[in-house]
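What follows is calculated from the coordinates using simple rules that are stated; it is not laboratory data. Remember, predicted model here, so these are calculated numbers, not experimental data. Methodologically, a virtual Cβ is constructed for each residue, glycine included, from the backbone with ideal geometry; neighbour enumeration extends over all protein chains shown.
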Amino acid sequence: MTTFRIPWKGRLLGAYYYATLPGRWWLNAAAARDNNAPVMVLYYHRVADHKPNDWTISNAQFRREIDWLEANFDLVSLEESQRRIREGNSRASVSITFDDGYAENCDEALPLLIRRRIPCTYFAMSHFSRTGETFPHDVAEGTSFQPNTIEQLRSLANAGIEIGGHSRTHADLGQITCEQRLYDEIVGGRDELVRDLGVEIRYFAFPYGLHENLNATAFRIAAEAGFAGVCSAYGGYNRPGDDAFHLQRIHGDADLVRLKNWLTVDPRKVRRTERYLYH
């Protein structure tokens, strides 16, 4: 069910954001001087101008967010994010990722990133790109959106977009105890993409990505299978000295003030977000 935000909540958030911004600037500048600036990872799903839902953002809003991000952060690849987590970070950085693989992202959003040479990791699922079936979470909402085809994913990879694995069938891995099934979803899905696209798949993103959707065994399987990193989706900031294998991600919100509030480091978010520990 689509959630409609109450306008007064947005106004309150805006007031809070602008009132606390000077203090955030001071804290973020101090963190940068200490080589401890945040290393943040954003995730989007669908960028389109029709049938909006909780995981859709308009093309115009996406452009506005990219403009703001370019002006205020280093926009880097996941590999560079991991390096900064391991070695230190002197300027706040953001990596852009997408989950699921909606065909409409190829209309404007991804060409925009390609033209501006902005790094992006695009997490796709082998089953849906092979069959063209609608994603199960869209079926549950009574909608039907076209997934990326194998040809589209291959074209994106050739244009410099890094393709990542997002399981074979968008299964909730947190509810799976069978190691063989976890292996099939994570490694089997990756290997199908490798065969179909002829590219290396280095990163994996958990479907749904909240604490209850994660699985310590799945982390182990991904590490043993040679993935360079794994992404969650419950929010949270990465800092130098954190676990660089597990990248916590922040949702690319359709409201710009919410995104600004997240990425300038809301102290409330820091206190409330608990890192998932898998070992």
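Miscellaneous remarks
- Short-range pairs are left out: with C-alpha atoms under 8 Å and at least six residues apart, the relative contact order of the stretch 7-272 is 22 percent.
- Separation in nanometres of the label points that stand 7 Å from Cα toward Cβ, at S58 and H211: 3.6 nm
- Estimated FRET transfer efficiency when R0 is 22 angstrom, pair R115-E79 (beta carbons, to 0.05): 0.55
- Rounded Å value of the spacing that divides the Cα centres of the stretch 131-177 and the stretch 200-273: 18 Å
- Positive-pole candidate from I221, A15, H170, dipole of the chain, charges at beta carbon: A15
- Remark: K9, K51 ranked as K9, K51, counting other beta-carbon atoms within 10 Å and listing the fewest first.
- Which of C106, N148, G252, positive extreme of dipole for the chain (C-beta unit charges): G252
- For the chain, a crude dipole built from +1 on the beta carbon of Lys and Arg and -1 on the beta carbon of Asp and Glu, taken about the Cα centre, is about 1140 debye to the nearest 20.
- Taking every C-alpha pair closer than 8 Å and separated by at least 6 residues, the mean separation divided by the residue count of the stretch 122-240 gives a relative contact order of 25 percent.
- Of all DSSP beta bridges in the stretch 7-272, antiparallel share, percent nearest 5: 5 percent
- Positive-end residue of N261, T273, S232, charge dipole of the chain with Cβ unit charges: N261
- Counting neighbouring beta carbons within 10 Å and listing from fewest to most, the residues E162, E274 come out as E274, E162.
- Fully extending the segment from E70 to R275, taken as 0.36 nm per residue of separation minus the present Cα-Cα distance, adds 71.1 nm.
- Ranked for footprinting exposure by Cβ neighbours inside 10 Å, fewest first, D255, D107 give D107, D255.
- Each Lys and Arg adds +1 at its Cβ and each Asp and Glu adds -1 at its Cβ; summed about the Cα centre, the stretch 167-279 shows a dipole of about 540 debye.
- Unit charges on C-beta of K, R, D, E only; dipole of the stretch 1-146, Debye: 580 debye
- Ordering of 97-105, 20-28, 131-139, 32-40 by burial proxy (mean other Cβ atoms within 10 Å per residue, highest first): 97-105, 32-40, 131-139, 20-28
- Listed by chain and number, the lysines whose C-alpha is less than 23 Å from the C-alpha of K9, apart from same-chain residues fewer than 8 away, are K260, K269.
- Choice from R239, R190, R268 with maximal GNM fluctuation in the chain (Cα, 10 Å cutoff): R268
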